[in-house]
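The values are calculated or read from the model by the stated rules, or taken from the named source; none is laboratory data. Since we're looking at a predicted model, the values are computed, not measured. Heavy atoms of the whole protein, side chains included, go into the accessibility calculation; ligands, DNA and RNA do not. Shrake-Rupley method; radii C 1.70, N 1.55, O 1.52, S 1.80 Å.
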Amino acid sequence: MTSDNAPLKRIRKAARQSRGTRGNPRRGRGLTGKAAQLMARYGIDRALLAATQPQTDQPADKVITIPSPWAAVHAHLLCGIASAMRCRCILLNGAASGTLVHIFGYACDIERTEILYTSLLLQMHHALAATPAPQETRSVRAWRRSWLLGFATAVTARVRAAEQNAAGQTAAGPVGTGTQTAAVVLASREQVIARRAATAYPITRTARVTYSGTGYRDGYTTGTRADIGTTRLSPRPTASLR
């Protein structure tokens, strides 16, 4: 993966700045939004470039170990972001303490996923640490788990919105990068990755993350305030991990 080019340097800088603004949430949300927009635009540009110069962005895969605690919730966040960025994730057995996630995608998309996942993971736990469970909560751990899942669902929607917005802006651009070209290129890339994942894992099942706590709505609300995308979506809570 090529991580030393100018666009990715700007993306990493914006992500680092958003993580360093806990004392100023509004500034942090703006910088995170900037990082998401830069990443989405960069992903589209790389996809279109690779359509004519395949050597610039090749299919790849990577296994990421997610340690406990909260491994399943963190995997939910990672896989949600990866899916929004046109990657495929397979959860593996075998981690002694935690979860293994095998990500399939184009090199650019896997790298973008990792950058944003790292930033959002830190933001998520900083926000949770600053949010006490209600006094009437029977199980603080269950409340925290549901809060984290709500946050993860909300920010995943934001990432997907940013990606869709970038694709839409490309579709409205000059001839040669219009609707058909962008749509065909992105669809073709998704098909390539789907085939590679299916070849490696011909038999899979859908994993679902469940929760019993009452913090989901609060976590989701906090996730929407993270404002990592450019288009707001109406809440559609789900605990599905795909």
Keeping all protein chains in place, calculate the accessible area per residue for segment 65-136 (probe 1.4 angstrom), answer in Å².
37 Å²
Give me the percent of the accessible area of segment 83-128 that comes from carbon and sulfur atoms, probe 1.4 Å, all protein chains in place.
51 percent
Scalar couplings 3J(HN,Hα) for segment 70-87 by Karplus 6.51 cos²θ - 1.76 cosθ + 1.60 (θ = phi - 60°), nearest whole Hz, x for Gly and Pro, are 6, 4, 5, 5, 5, 5, 4, 5, 4, 5, x, 5, 4, 4, 4, 9, 6, 9
How large is ³J(HN,Hα) for each residue in segment 141-158, as worked out from phi by the Karplus curve 6.51 cos²θ - 1.76 cosθ + 1.60 (θ = phi - 60°), to whole Hz, x for Gly and Pro?
5, 5, 5, 5, 4, 5, 4, 4, 5, x, 4, 4, 5, 5, 6, 4, 4, 5
